[in-house]
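What follows is one structure encoded as structure tokens, with my remarks underneath.
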Amino acid sequence: MTENTRDPEHEVTPKCTIDGPGDDRRVFLAKMALMGGALVGASCTSQPKAPAPPAASPPPPPTKGSHRGAQAHVSPGQLDDYYGFWSGGQSGEVRILGVPSMREIKRIPVFNRCSATGWGATDFSKKLLGGKMSGDTHHVHLSYNGGTYDGRYVFVNDKASARLARISCETMEVDRIIDEPNSQGTHGILPQRHKTGYVFCNAEFRTPQVNDGRDMTDPSKYGAMHTAVDGETMEVKWQVLVEGNLDLCATDYQGNYSFATCYNSEGGVTLEQMMGADQDHLYVFHIKNCEKAVAEGKTIKVGDSPYPVIDARGPDSPYVLRVPVPKSPHGVNVSPDGKYAMCAGKLSPTVSVVQIDKLAAAFAGKIKPRACVVAEPEVGLGPLHTAFDGKGNAYTSIFIDSVMTKWNIAKAIKAFKSKDGKTPNPILQRLDVHYQVGHTNASMSETKDADGRWLIALCKFAKDRYLNVGPLHNENDQLIDISGDEMKLVHDGPTFPEPHDCVIVAKDLIHPNKIQPRTDPRFAIYESWAKADGVNLKKDNKVIRRPDGTVRIYMTSQAPNYGMRDFTVKTGDTVQIILTNQDNVEDLSHGFCVSLHDVNFLVNSNDTNSMTFTAGSPGVYWYYCPWFCHALHLEMRGRMIITS
Ligand code: K7E
Ligand code: CUA
């Protein structure tokens with residue numbers, strides 16, 4: 001790079017992780033590499049040899065003036081170019097970051113309890129969560145149309161409780177959560193890309209089918225589900241039962257196939273057993289054949305679940321094709337041209353490139369499944385996930401080596417066919433990242449419109465990159481400029497544990513409402529209560545004692561007042577506050593917090609929200625607005641009077 005327009009204040013210079021004896025990081029990395037080396041070497045005899053040393057050939061010389069670098073600094077008052085949707089890992093939430101500034105703009109509670117919004121405690125969220133208060137989000141993906149995002153929904157998995165949630169892009173609130181039947185460890189998910197059709201969900205953990213106490217000691221009878229959920233209705237449509245662990249998920253751009261990496265074709269239940277075989281598979285699911293089987297009733301029922309299951313355990317069938325790839329693959333990502341599924345090797349230093357238009361011949365038995373693999377470049381130790389720039393290059397995250405490897409897809413295919421299997425060298429650059437990168441993604445990488453501007457490396461370890469804040473370290477999400485010939489690290493972004501994945505979406509594709517549109521499914525619930533009680537939600541302030549003894553408090557808010565200065569209930573009453581915000585202007589949220597009652601929730605502009613609790617001992621309890629809304633915000637309060 002010959003010129004640099006970035007503000008040096010905002011640059012983070014990549015530190016070398018290879019030099020500097022005695023350096024903590026070096027020792028750590030060496031240990032990791034050893035561990036990984038042992039893993040790879042242990043039973044990997046038929047695998048390709050260790051990867052070539054990092055970037056042996058110097059990167060191409062910069063063409064003068066060819067690349068000024070993308071602008072990472074976003075000045076105060078300026079907006080980002082992209083919405084970044086981040087999974088929140090064990091926090092159970094989803095976050096929205098602006099890219100390239102990496103500013104965290106919003107947290108969306110999904111499977112977690114959130115004190116600020118009341119998510120997990122409000123009536124609607126409690127109903128969706130069914131009493132669960134934790135989750136583990138790994139993968140966020142948006143609904144598609146025509147190969148790119150349609151800006152309507154965000155889908156996210158819960159690995160902990162085998163659930164799928166949907167966030168409405170109108171409000172950036174969760175509107176649905178469903179359980180994946182007969183599944184544990186719901187991990188990889190991906191919607192179809194030609195339209196909002198199915199969202200496919202992979203169960204990572206093999207379990208007895210049915211899991212009711214049978215077959216517990218016979219893991220050979222365990223299986224895992226690949227589930228097709230209708231992204232529009234959020235109903236499970238059908239499932240495919242297979243014998244192997246299903247890890248990451250992908251879909252093609254035509255609507256023909258869905259994919260799952262399978263790292264445990266051995267069917268093991270211990271780590272050693274799972275690493276036994278040199279070869280695992282990319283499972284390819286044939287969607288039309290599955291639909292046909294469902295239509296013709298060639299399905300079984302598993303347990304209490306009403307949904308049809310295609311039993312595809314055993315050899316290849318019209319439903320599932322198993323493409324052999326080196327042992328324990330992890331990520332699978334489809335290139336923006338729709339041609340290739342990239343299967344990252346994890347325990348093999350390779351990425352297996354599967355040519356999607358060969359799959360039909362393999363399903364038809366005309367070629368061997370392995371013949372669909374058209375390249376297998378060596379990218380480094382511990383490849384996990386792959387992103388794309390839309391210019392024919394791929395970027396694979398390399399966990400053990402702590403690098404991002406940029407490689408050229410066409411060159412990798414050519415090299416695979418060549419006499420020595422190595423020429424031309426497809427590896428273009430290896431960039432140190434800090435440290436132990438998991439997922440990676442690039443701007444619009446999961447669409448046909450991948451634009452090659454920004455790459456994110458989601459690093460699992462931050463080590464010494466930030467001020468010491470105690471034993472729990474943050475993660476380190478690094479921003480890399482890929483607009484030129486070379487990758488260039490431009491920003492470190494700390495995140496609270498542990499985002500696994502993110503997608504980066506051009507801002508023009510997302511259009512949230514700034515005022516609550518009152519169209520989410522939860523409004524039908526409030527309206528039905530109000531109708532039954534003869535109440536006008538938007539106007540009335542009324543205390544209704546229901547026949548079942550429940551006391552419903554319908555209340556309005558308008559800065560800086562609640563519609564009720566006080567209300568009276570009896571000790572032990574079940575009290576439901578249904579609060580409607582009459583303020584109908586941007587950014588005027590109120591909330592409702594009741595002293596000593598663990599009640600605290602948010603009501604946005606033009607919103608209604610509700611929470612139910614039990615009235616405590618007799619006395620006076622102030623309720624107040626916790627959101628700073630007005631000069632008289634502190635006065636926005638009233639008394640709950642509890643009589644005996
Ligand atoms: Cu690689 Cu759950 Cu996407 Cu983590 S998974 S890294
Ligand atoms: Cu309403 Cu503060």
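Jot down the radius of gyration and Dmax of the range 105-180, Cα atoms only, both in angstrom.
According to the Cα coordinates of the range 105-180, Rg and Dmax are 12.4, 39 Å.
On a full-extension model of 0.36 nm per residue, what is the gain between Thr614 and Lys448, subtracting their alpha-carbon distance, rounded to one decimal in nm?
Values: separation 166, 0.36 × 166 = 59.76 nm, distance 5.27 nm.
Extra length available between Thr614 and Lys448 comes to 54.5 nm.
Given the range 436-519, report the % of alpha carbon pairs whose separation exceeds 21 Å.
The proportion of pairs with Cα distances above 21 Å equals 43 percent.
Could you quote the convex hull projected area for the range 322-367, Cα atoms only and averaged over all directions, in nm²?
On the way: hull surface 13.1 nm².
Taking the Cα atoms of the range 322-367, their convex hull projects to 3.3 nm² on average.
Using only the alpha-carbon atoms, what does the range 300-459 span along each of its principal axes? Please give whole angstrom values in decreasing order.
49, 41, 31
Using the Cα gyration tensor of the range 188-327, with a ≥ b ≥ c the square roots of its eigenvalues, what is the shape: rounded (a/c below 1.5), prolate (a/b larger than b/c) or oblate (neither)? Walk me through the numbers on the way to the answer.
Working: a/c = 1.85, a/b = 1.27, b/c = 1.45.
Cα axes put the range 188-327 in the oblate bin.
Take the alpha-carbon positions of the range 399-483, form their convex hull, and give its projected area averaged over all directions (one quarter of the hull surface) in nm². Intermediate results must be reported in sequence, preceding the final value.
On the way: hull surface 27.8 nm².
Directional mean of the projected Cα hull area for the range 399-483 stands at 7.0 nm².
In deg cm²/dmol, rounded to 500, what helix-only [θ] at 222 nm does the chain give when every DSSP H run of at least 4 residues adds -39500 (n - 2.57) and the total is split over its residues? Intermediate results must be reported in sequence, preceding the final value.
Values: 7 runs with 65 residues, N = 644.
Result for the chain, helices only: -3000 deg cm²/dmol.
When ranked by the protection proxy of mean other Cβ atoms within 10 Å per residue, highest first, what sequence do the peptides 534-547, 442-455, 479-492 form? Don't skip to the answer; put the middle values down first.
Details: 534-547: 14.2, 442-455: 23.6, 479-492: 21.5.
Top of the packing list down: 442-455, 479-492, 534-547.
From zero up to wherever the largest Cα-Cα distance of the range 515-644 sits, split into 10 Å bins and tell me the percent of pairs in each.
Histogram of Cα-Cα distances, whole percents per bin: 13, 47, 33, 7, 0.
Which value results for Rg/Rh of the range 68-137 when Rg is the Cα radius of gyration and Rh the Kirkwood radius based on the inverse mean 1/r?
On the way: Rg = 15.5 Å, Rh = 13.5 Å.
Result for the range 68-137 is an Rg/Rh of 1.14.
From the Cα trace of the range 486-550, what convex hull volume per residue do you get, rounded to a whole Å³? Walk me through the numbers on the way to the answer.
Working: hull volume 15.2 nm³, N = 65.
Expressed per residue, the convex hull around the Cα atoms of the range 486-550 is 234 Å³.
Taking the Cα centre of the range 519-614 as the origin, how large is its charge dipole in debye, to the nearest 20, when only Lys and Arg (+1) and Asp and Glu (-1) carry charge on their Cβ atoms? Write down the numbers at each step before the final one.
On the way: 10 positive and 12 negative charges, 89 e Å.
Charge dipole, the range 519-614, about its Cα centre: 420 debye, nearest 20.
Among 421-429, 224-232, how do they line up by average Cβ neighbours within 10 Å per residue, starting with the highest? Present the calculation step by step, with values, prior to reporting the outcome.
Working: 421-429: 17.2, 224-232: 24.2.
My ranking of the peptides, most packed first, is 224-232, 421-429.
For Gly493, list long-range residues whose amide hydrogen, built 1.01 Å from N in the peptide plane, is under 5 Å from its own amide hydrogen.
Correct list: Asp477, Gln478, Leu479.
Can you work out the FRET efficiency for the pair Arg370 and Glu104, with r the C-beta to C-beta distance and R0 = 41 Å, to the nearest 0.05?
E between Arg370 and Glu104, to the nearest 0.05, is 0.40.
Classify the range 295-342 from the C-alpha gyration tensor, please: rounded if a/c falls under 1.5, else prolate or oblate depending on whether a/b exceeds b/c.
On the way: a/c = 2.34, a/b = 1.99, b/c = 1.17.
The shape class here is prolate.
Label the range 521-592 by shape, choosing from rounded, prolate and oblate, from the square roots a ≥ b ≥ c of the eigenvalues of the Cα gyration tensor; if a/c is under 1.5 it is rounded, and otherwise prolate applies when a/b is larger than b/c, oblate when it is not. Display every interim value, and only then the final one.
Details: a/c = 2.18, a/b = 1.40, b/c = 1.56.
It is oblate, given that a/c is not under 1.5 and a/b is not larger than b/c.
Volume per residue, Å³, of the convex hull around the alpha-carbon atoms of the range 163-218?
Values: hull volume 5.5 nm³, N = 56.
Dividing the Cα hull volume of the range 163-218 by its residue count gives 97 Å³.
Work out the P(r) tail for the chain: percent of alpha carbon pairs separated by more than 43 Å, whole number.
Numbers: 58842 of 207046 pairs.
Of the Cα pairs, 28 percent sit more than 43 Å apart.
Under 30 Å between alpha carbons, and skipping anything fewer than 8 positions from Lys570 in its own chain: which lysines qualify?
List returned: Lys126, Lys127, Lys132, Lys531, Lys538, Lys539, Lys542.
Every read-out reported here was derived from the displayed coordinates using simple, explicitly stated rules and does not represent laboratory data. None of these values were measured; they are calculated from a predicted model. We place every Cβ from the backbone using ideal geometry, glycine too, and count neighbours over all the protein chains shown.
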